[in-house]
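This report refers to the structure that appears directly beneath it.
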Number of protein chains: 2
Amino acid sequence: MYSAKRVIFFVSDSTGITVKTLGESLLAQFDTIKTEQKILPFVNNLSEAHAAVEHINNAAKECPYRPIVFATLTDPALRDIIAASNCMFIDLFGAFIEPLEREFETKSNHAVGRSHAIQQANGSYDSRIAAINFTLQHDDGAYIDRYKEADVILVGASRSGKTPTCVYLAIQFGVSAANYPLTDEDVEGMKLPAILEPFRHKLFGLTIKPERLHQIRQDRRPNSRYSSLQQCSFEIQKIEALYRKINLPFIDTTSTSVEEIASRILQRTKLEHFCEV
Amino acid sequence: MYSAKRVIFFVSDSTGITVKTLGESLLAQFDTIKTEQKILPFVNNLSEAHAAVEHINNAAKECPYRPIVFATLTDPALRDIIAASNCMFIDLFGAFIEPLEREFETKSNHAVGRSHAIQQANGSYDSRIAAINFTLQHDDGAYIDRYKEADVILVGASRSGKTPTCVYLAIQFGVSAANYPLTDEDVEGMKLPAILEPFRHKLFGLTIKPERLHQIRQDRRPNSRYSSLQQCSFEIQKIEALYRKINLPFIDTTSTSVEEIASRILQRTKLEHFCEV
């Protein structure tokens with residue numbers, strides 16, 4: 001039994017990840033509305049479209065409001081089937097195909113799952129897997145001798161967010177990202193370790209609020225020198241001073257999502273078609 | 001100097017990842033059109049909007065066709081500025097806000113970057129970082145004693161795609177994903193290792209075409225027994241027979257993107273609001 005929440009369906013002929021992300025950012029504009037979300041991915045044929053309609057119509061019966069369906073479906077026949085269910089149908093795809101056909105003066109393919117096919121044909125799939133392997137091998141200062149193969153090298157205090165950012169850069173963008181933890185020695189001497197000098201142009205710094213770092217390190221090694229607020233404050237103060245001294249671009253990860261950290265790094269380093277505005 | 005390619009801009013007040021993904025899947029419907037892509041993320045204020053317009057208008061001057069601009073901008077004032085540039089403006093956001101306002105009988109916030117704020121408030125950011133840490137600690141059969149904390153455990157031959165899939169499940173969905181490589185012993189005995197038995201309900205199998213596995217392993221250890229086509233064929237044949245014997249759900253990763261593998265696993269395991277159709 002559904003409560004008075006609005007039931008939201010994200011329907012896709014692919015993974016549903018894009019429709020969910022865009023749908024959620026639209027819904028985030030209505031913060032008083034409570035929702036219950038369901039993802040219906042890989043709706044590729046008539047029988048799956050009819051099964052999706054059944055899901056939607058069942059939800060409509062159990063709820064005082066009609067469901068809201070966000071859809072990215074390339075096949076107009078499948079779109080029409082879903083749109084005819086008992087719902088508010090928000091078509092994130094169909095609305096734009098016709099204007100693009102006019103602009104390009106050509107018909108669209110209406111080919112389901114086309115973006116994945118292209119992704120593999122141009123090798124970007126393999127390059128992402130290679131980037132993930134590179135990133136995991138070069139986590140936390142490992143195999144420094146192969147830094148010349150890195151697209152970017154993140155530096156920062158232990159637990160300032162280097163690893164999740166590297167992993168995201170690799171899997172989302174195919175960027176080979178290594179990371180190097182700045183040690184007490186580096187911090188106290190207020191200089192980069194010599195080993196990083198040849199790669200200055202690839203370095204990007206991370207920082208974090210000392211209070212947050214203290215909290216994260218407490219989870220890992222409670223009541224240690226390593227996790228003390230005093231040590232965290234000391235490291236962060238020195239590290240930020242170092243970044244400024246050597247003019248290294250850096251970003252504060254404290255209340256920044258991993259997507260945003262990654263995008264800002266790509267924007268600053270002008271990798272992956274990101275431009276500064 | 002631009003060639004006769006169509007110049008595409010993805011403009012966002014956030015990371016640009018969603019607008020790029022949806023824009024690319026629209027463009028993939030026009031496979032004869034060559035494009036040159038640029039991402040303009042974090043367009044959050046008037047001066048950045050005007051800088052974006054300059055980028056777009058410069059491209060328009062250098063190219064026989066007007067640029068195509070895909071935008072996800074929550075602030076109508078910024079949308080209007082970009083829309084007035086010399087371009088075809090495709091508004092992936094504004095078109096849907098008004099219908100949603102009517103449906104919800106309430107005004108939207110028009111709050112920039114709202115989705116990230118919510119993401120952090122509900123703790124999903126921390127849970128993704130925790131999932132990434134879990135996944136990296138439990139890669140390749142490590143720390144099996146803590147498998148009870150895993151949401152899902154992937155099994156399969158060495159190099160069949162377990163690690164990239166686990167990493168994607170963690171960073172995109174906050175799913176704690178461990179993985180365990182099936183050894184020769186497991187394969188020859190045609191049974192799961194005893195250590196995995198208590199976690200049967202969390203297991204998901206991966207497989208891959210022997211020819212592709214051979215190719216991947218050749219890159220890693222050329223001309224070894226491990227990488228021989230004969231060994232790859234033997235392992236895969238046995239592993240698929242094992243999956244069928246014990247009725248384990250599995251997926252072939254050979255020509256499947258990591259997004260699709262992850263989504264299909266979530267759909268089958270009914271994690272993360274994914275439903276089967």
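Side notes on the structure shown:
- Filter pass, B:VAL175 being aliphatic (A, V, I, L, M), crowded, with 21+ Cβ neighbours inside 10 Å and within 14 Å of chain A (Cβ to nearest Cβ): yes
- Flag if A:SER108 is in the same structural domain as A:ASP75 (by TED's automatic domain parsing) and at pLDDT below 90: yes
- A:LYS148 of a type in the set (Lys, Arg) and crowded, with 24+ Cβ neighbours inside 10 Å: no
- Counted residues, segment A:265-277 - those being facing chain B (nearest Cβ under 7 Å) and either at positive phi or under 12 Å from the mean Cα position of the chain (by Cα) (or both): 1
- First in segment A:21-39 and more than 7 Å from every other protein chain (Cβ to nearest Cβ) and more than 20 Å from B:THR21 (Cβ to Cβ), second anywhere and charged (D, E, K, R) and not in a helix (DSSP H, G or I), Cβ under 6 Å, 6 or more apart: A:LYS34/A:LYS5; A:THR35/A:LYS5; A:THR35/A:ARG6; A:GLU36/A:LYS5
- Some residue of segment A:237-246 being at pLDDT 90 or above, hydrophobic (A, V, I, L, M, F, W, C) and buried (at least 18 other Cβ atoms within 10 Å of the Cβ): yes
- Residues satisfying the stated conditions in segment A:45-83, i.e. facing chain B (nearest Cβ under 9 Å) and among the aliphatic types (A, V, I, L, M): A:ALA49, A:ALA51, A:ALA52, A:ILE68
- Only a single item in (1) of a type in the set (S, T, N, Q); (2) touching a Lys or Arg at 6+ places or on another chain (Cβ under 7 Å); (3) without any contact (Cβ under 8 Å) to a residue 12 or more places away in the chain; (4) within 13 Å of another protein chain (Cβ to nearest Cβ) is not met by B:SER257, and it is number (2).
- Residues being touching a residue at least 24 places away in the same chain (Cβ under 8 Å) and surrounded by 14 or more Cβ atoms within 10 Å (Cβ to Cβ) are entirely absent from segment B:218-225.
- Scan segment B:134-170 for residues that are at pLDDT below 90 and within 8 Å of chain A (Cβ to nearest Cβ) and the total you get is 2.
- Number of the condition not met by B:PRO99 [criteria: (1) modelled with pLDDT of 95 or more; (2) within 11 Å of chain A (Cβ to nearest Cβ); (3) more than 14 Å from A:HIS273 (Cβ to Cβ)]: (1)
- Note on segment B:1-56: residues that are under 18 Å from the mean Cα position of the chain (by Cα) and either farther than 22 Å from B:ASP80 by Cα or surrounded by fewer than 16 Cβ atoms within 10 Å (Cβ to Cβ) (or both) amount to 5.
The values are calculated or read from the model by the stated rules, or taken from the named source; none is laboratory data. The model shown is predicted, which means the values in this text are computed figures rather than measured ones. Counting neighbours? That spans all protein chains shown, and the Cβs are built from the backbone with ideal geometry, glycine included.
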